[in-house]
Each structure stands twice: as structure tokens, then as C-alpha cells.
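Colleague: Below is the structure I would like to discuss, written out as C-alpha cells.
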Amino acid sequence: MVATYAKTSPWNKTTVTESGELGILEIVPIPAEDDDILYEVEPQYNHRPDLLAYDLYGTPKLWWVFAQRNMDIVKDPVFDIKSGLKIFLPKQSNLKDELGL
């Protein structure tokens, strides 16, 4: 059985066990695309991926996308997002297609 999390949730694909417990996290992949944008995190988004997600995608619920797309440099999705860090941002249209939004 699949958990009933929103498509914007990092837990969207995680299953629920027979006893109703949340199973092991199944990562929602955010693959690299040729048209991803290289972005340098600005000071107002220091440790605030939710604000960056809101400004880029219209919802703070996609805060986890930055870590998934940049797994080689972002280990902690909050504290690694800091001013001056260069990360790749998926375009909104690609993200909508990938997550089924």
C-alpha cells in the first residue's frame, strides 16, 4: 500500500506496511536535465530552502528538491543551503512533469 502523501512530498512514494507503519523511505529522484539552471544561493535563502522553493515554484513544500537534485553537494537539505553555494535548479516545467503535478 502506498502512503497518502501529496505529490509535493519527499515521502510520496514511500509505502505503508501491513500494520499501518510507514515503510523505509523511497527516494523521489530528481534527475539532471540539460536545461537545469546553475544558481548561487543568495543571502535571503541562507538555511531556508522553503523560501527558495516558494519563490521559484510557488510552494514551500518543494524544499527537498534542491537536495535531491544536488545530492553530491547537499547532504543536509536545510543547513547545507547557504549563501554562496552553487546548486542546480530544475525548471518548474521539468519538475511538474517529474512529480506529476
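Colleague: With θ set to phi - 60°, apply the Karplus curve 6.51 cos²θ - 1.76 cosθ + 1.60 along the stretch 13-18 and write out the HN-Hα couplings as whole Hz, x wherever there is a Gly or Pro.
Modeller: 9, 6, 8, 10, 6, 4
Colleague: Here is a follow-up. Which cross-chain or sequence-distant (5 or more) residues have an amide H under 5 Å from the amide H of VAL16, H modelled 1.01 Å from N in plane?
Modeller: VAL2, ALA3, GLY23
Colleague: Turning to a different aspect of this structure: Give the peptides 64-70, 18-24 in descending order of average Cβ contacts within 10 Å, highest first.
Modeller: 64-70, 18-24
Colleague: Pairs on different chains or at least eight residues apart, Cα atoms closer than 23 Å: how many lysine pairs in the chain fit?
Modeller: Step by step, the pairs that qualify in the chain add up to 17.
Colleague: Give me the net charge of GLU42's neighbourhood, meaning all other residues with Cβ under 11 Å from the Cβ of GLU42; Lys, Arg count +1, Asp, Glu -1.
Modeller: 0
Colleague: What are the ³J(HN,Hα) values, in whole Hz, obtained from phi via the Karplus relation 6.51 cos²θ - 1.76 cosθ + 1.60 with θ = phi - 60°, for each residue of the stretch 39-56 in sequence order, with x given for Gly and Pro?
Modeller: So the J values, rounded to whole Hz, are 10, 9, 4, 8, x, 5, 9, 4, 6, 10, x, 5, 5, 5, 4, 4, 5, 8.
Each value in this text was obtained by applying a stated rule to the coordinates, not by laboratory testing. Just so it is clear, the model here is predicted, and its values are computed rather than measured. All Cβ positions, glycine included, derive from the backbone under ideal geometry; neighbour counts span all protein chains shown.
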